[in-house]
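Engineer: Submitted below is the structure of interest, expressed as structure tokens.
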Amino acid sequence: MSQRILVFEKDSAFAEQLSAGFGQVGATVTVVADGKAGITHAEATPPTLILLAIELDGMNGFLVCKKIKKDPALAEIPMVILSSDANADEIFEQHKKLRTRADEYVKKPVSFDGLFDICARLVPLDAEGGAAPAEEEVEAFTDDAFDALLLEDDAAVEAIEEPAAGEFDDMLGALQDDEPEAPSA
């Protein structure tokens with residue numbers, strides 16, 4: 001059985017890399033740039049893995065995470081949150097304290113191989129839905145033809161808008177109705 005990966009990502013070049021890469025191991029990838037549209041898609045066709053960028057159109061990724069994790073039909077789907085914010089590590093540490101947290105947090109830019117390894121720990125990734133591909137299969141996947149996709153495009157990177165000062169603090173502030181879980185004794 002093929003894994004169904006739902007990717008919330010507005011950076012089309014990065015989304016293309018993910019689609020091509022996960023497609024090589026038999027996963028079905030759906031990419032959405034809008035948070036609300038992605039939630040609707042997840043409800044209609046629950047994925048087996050969610051890759052969620054914080055920087056989205058319509059609804060930021062933190063609110064998307066909260067809505068998905070509060071939905072009993074979707075709450076157990078493994079989720080990886082990604083962000084290109086310069087303060088991502090600090091923001092991730094704050095978000096990990098919430099009940100509606102993700103399974104993994106990744107700062108972009110990230111190589112496909114690095115992200116693949118993280119995802120393979122959460123769900124089996126190969127054409128049969130079994131174990132992750134053998135090392136030689138991963139090497140074949142990263143041949144010169146695919147390496148070209150992984151090279152950073154400086155123009156695309158420069159075109160990405162930097163978030164306004166305090167934007168991520170505002171996003172996290174909107175989540176404050178979630179209280180941190182009490183530490184287990």
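The values are calculated or read from the model by the stated rules, or taken from the named source; none is laboratory data. All figures in this text were calculated on a predicted structure; none of them were measured in a lab. In this analysis, Cβ positions are derived from the backbone assuming ideal geometry, glycine residues included, and neighbour counts consider all displayed protein chains. In case anyone asks, the SASA skips ligands and DNA or RNA and just uses the protein heavy atoms, side chains included. Shrake-Rupley method; radii C 1.70, N 1.55, O 1.52, S 1.80 Å.
Engineer: If we scan region 77-84, do we find a residue that is within 20 Å of Leu6 (Cβ to Cβ), of a type in the set (A, V, I, L, M, F, W, C) and open to solvent by 10 Å² or more (accessible area, probe 1.4 Å)?
Structural biologist: yes
Engineer: Ala53 passes all but one of (1) within 20 Å of Pro124 (Cβ to Cβ); (2) surrounded by 22 or more Cβ atoms within 10 Å (Cβ to Cβ); (3) among the aliphatic types (A, V, I, L, M); which number fails?
Structural biologist: The one condition Ala53 does not meet is (1).
Engineer: Can you tell me which residue is surrounded by the fewest Cβ atoms within 10 Å (Cβ to Cβ) among those in region 64-76 that are of a type outside the set (D, E, K, R) and farther than 14 Å from Phe8 by Cβ? Give the steps one after another, and end with the answer.
Structural biologist: If we filter region 64-76 for residues that are of a type outside the set (D, E, K, R), which is where we start, we get 64-65, 68, 72-75.
In the following step, the residues that additionally are farther than 14 Å from Phe8 by Cβ were identified as 72-73, 75.
Numbers: Pro72: 7, Ala73: 10, Ala75: 11.
Among those residues, the one meeting the criterion is Pro72.
Engineer: Give region 1-54 a look and list any residue that's in contact with a Pro (Cβ under 6 Å, 6 or more places away or on another chain) and either modelled with pLDDT under 95 or farther than 21 Å from Ala73 by Cβ (or both), or say none.
Structural biologist: Matches in region 1-54: Val25 only.
Engineer: Something else now. Taking region 91-126, which residues are of a type in the set (A, V, I, L, M) and either closer than 16 Å to Leu18 by Cα or at pLDDT 95 or above (or both)?
Structural biologist: Correct list: Ala102, Val106, Val110, Leu115, Ile118, Ala120, Leu122, Val123, Leu125.
Engineer: Something else now. Please find, among Glu9, Glu16, the residue that is charged (D, E, K, R) and surrounded by 18 or more Cβ atoms within 10 Å (Cβ to Cβ).
Structural biologist: Glu9
Engineer: Could we say that Gly38 is surrounded by 21 or more Cβ atoms within 10 Å (Cβ to Cβ) and in contact with a Gly (Cβ under 8 Å, 6 or more places away or on another chain) here?
Structural biologist: So Gly38 does not fit the description; no.
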